[in-house]
Amino acid sequence: MREIDWFPLWLSLRVAFVSTFFVVIVGVALSWVLARKNFFGREALDALVTLPLVLPPTVLGYYLLVLLGRGGPLGSLFESLTGRQLVFTWQGAVVAASVGALPLMVKTARAAIAGVDAEFEDAARTLGKSEWQVFRRVTMPLASRGIVAAGVLSFARALGDFGATLMVAGNIPGRTQTAAIAIYDASQSGRDQLALTLVIVLSLLAFALLYATNRLVAPRHG
């Protein structure tokens with residue numbers, strides 16, 4: 001019996017943790033802007049942020065390749081700063097997973113922030129609190145359950161990203177091969193034991209994350 005290679009799972013967890021960190025920071029900021037500010041183009045911005053959720057993974061991956069490749073604006077900037085290219089690296093996988101997970105973060109967190117009664121925020125402003133203090137001491141605590149649930153969903157989405165990650169990071173065993181890509185590769189090459197093991201592990205992780213999200217957003221009784 002061939003020994004199971006756990007590297008794809010550890011890489012997926014690493015990518016998911018790092019991408020969730022960035023997604024939560026960017027997503028909360030965007031969610032607050034979309035929920036609390038009225039400006040021209042707000043719904044267009046919302047549509048742009050949500051677009052990766054509905055685009056085919058290959059289309060999203062192509063866009064990212066154009067942006068992150070050596071000739072792309074972000075790719076050339078990254079290479080000039082670090083001396084390394086971004087595509088076909090685990091950092092590229094983080095970018096791909098982050099873009100795919102951001103819509104879930106924004107949609108869920110925006111609903112949580114919009115659900116906070118604005119009167120509480122106005123009361124804090126009348127007491128001389130700055131916008132940052134209102135956000136940190138009033139909005140965030142009241143919307144925290146929804147925001148944490150959004151972060152959990154984003155982590156689950158990043159953990160299982162396949163299409164965009166494959167196009168941006170490639171399928172390099174021991175370097176950029178995530179669990180989802182390893183499952184596809186194993187199923188194509190007849191390594192059914194590896195494919196089944198990773199499928200079961202990812203399924204259990206996804207179930208646990210969804211269960212935790214449901215418990216977070218469920219209304220409290222009593």
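Summed over the stretch 181-209, residues that are in contact with a helix residue (DSSP H, G or I) (Cβ under 7 Å, 6 or more places away or on another chain) and closer than 30 Å to residue 110 by Cα total 4.
Scanning the stretch 102-112 for residues that are surrounded by 23 or more Cβ atoms within 10 Å (Cβ to Cβ) and either of a type in the set (A, V, I, L, M, F, W, C) or in contact with a Phe, Trp or Tyr (Cβ under 6 Å, 6 or more places away or on another chain) (or both) gives 102, 104, 105, 106, 109, 112. Being at pLDDT below 95, assigned to a helix (DSSP H, G or I) and over 30 Å from residue 89 (Cα atoms) is a condition met by no residue of the stretch 189-210. So which residues in the stretch 160-181 are within 15 Å of residue 198 (Cα to Cα) and either of a type in the set (D, E, K, R) or assigned to a helix (DSSP H, G or I) (or both)? Result: 161, 179, 180, 181. Filtering the stretch 114-136 for residues that are exposed (fewer than 13 other Cβ atoms within 10 Å of the Cβ), of a type in the set (S, T, N, Q) and within 30 Å of residue 42 (Cβ to Cβ) leaves a non-empty set. Name the residues in the stretch 27-62 that are farther than 22 Å from residue 135 by Cβ, of a type outside the set (A, V, I, L, M) and crowded, with 17+ Cβ neighbours inside 10 Å, would you? Within the stretch 27-62, 52, 57, 61 qualify. A Cβ distance below 6 Å, combined with a sequence gap of six or more or placement on separate chains, defines the contacts here; from the stretch 179-198, residues that are under 20 Å from residue 157 (Cα atoms) reach residues that are surrounded by fewer than 18 Cβ atoms within 10 Å (Cβ to Cβ) and at pLDDT below 90 in the pairs 197/4.
The values are calculated or read from the model by the stated rules, or taken from the named source; none is laboratory data. Everything numeric in this text was worked out from a predicted model, so none of it was measured. Please note: Cβ atoms are built from the backbone with ideal geometry, for glycine as well, and neighbour counts cover all protein chains shown.
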